[in-house]
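These notes concern the structure reproduced below.
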Amino acid sequence: MLTYQATMQDLPELAVLFDQYRQFYGQSADLEGALQFLKERFIHRQSVIFVAKSEDQLIGFTQLYPTFSSISMQSSWILNDLYVSEACRSFGAGQLLLDAAKQYGEQTEAKGIELSTAIDNKVAQRLYGRNGYEKDEVYFHYYRKL
């Protein structure tokens, strides 16, 4: 198994995984929409995507979005998406993707990596905890739907 930064050549296969990820979170299947969304991220360089590949097949991905801290005057990354296909879970792909994200964050001299996960996603919470991610006990996070 290997991980690498995705390119446009990975888009067709990556879109399938991305669509599965969205369905995991209760969204309707929309492969064309997934393809278009990811294509826009690549074209406008709005995110960085790492993929895990096993036996010539993509089995997982993580997507990072840039953000900035005015207080520290540093950049950070938001690890917005992490997904491994259901059949390939527990093979270590999630760990490899987190390692790739951490290495990229260090290479870009980012302050850190922020992520969130569903309250009931205990498997992901254990993985993040083992990797040094700490639950925010200082700030409340708010969201307004528009």
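Below are the figures for this structure:
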item: Estimated FRET transfer efficiency (residue 87, residue 65; beta-carbon r; R0 25 Å; 0.05); result: 0.35
item: Extension gain, residue 74 back to residue 117 (0.36 nm per residue minus Cα-Cα distance, nm); result: 13.1 nm
item: Projected area averaged over orientations for the chain, convex hull of C-alpha atoms, nm²; result: 9.8
item: Per-residue SASA entry for residue 104, accessible area with 1.4 Å probe, Å² rounded to 10; result: 40
item: Residue 1/residue 140 FRET efficiency (R0 25 Å; Cβ-Cβ; nearest 0.05); result: 0.05
item: Share of carbon and sulfur in the accessible heavy-atom surface of the chain [1.4 Å probe, %]; result: 52
item: Per residue solvent-accessible surface (Å²) - the range 1-61, probe of 1.4 Å; result: 58
item: The range 86-141-the range 29-70 distance, computed between alpha-carbon centres (Å); result: 16
item: Relative contact order (percent, whole number), the chain, Cα cutoff 8 Å, 6+ residue spacing; result: 20
item: Packing rank of 135-142, 115-122, 63-70, where each peptide gets the mean count of other beta carbons within 10 Å, highest leading; result: 63-70, 115-122, 135-142
item: Amide H within-cut-off set for residue 108, under 5 Å, with H built and near neighbours excluded; result: none
item: Where labels lie 7 Å past Cα in the beta-carbon direction, separation of residue 28 and residue 56 in nm; result: 3.6
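The values are calculated or read from the model by the stated rules, or taken from the named source; none is laboratory data. Everything quoted here is computed from the prediction, not taken from an experiment. Note that each Cβ is placed from the backbone with ideal geometry, even for glycine, and that neighbours are counted across all protein chains shown. These accessible areas exclude ligands, DNA and RNA; they are computed on the full protein's heavy atoms, side chains included. Shrake-Rupley method; radii C 1.70, N 1.55, O 1.52, S 1.80 Å.
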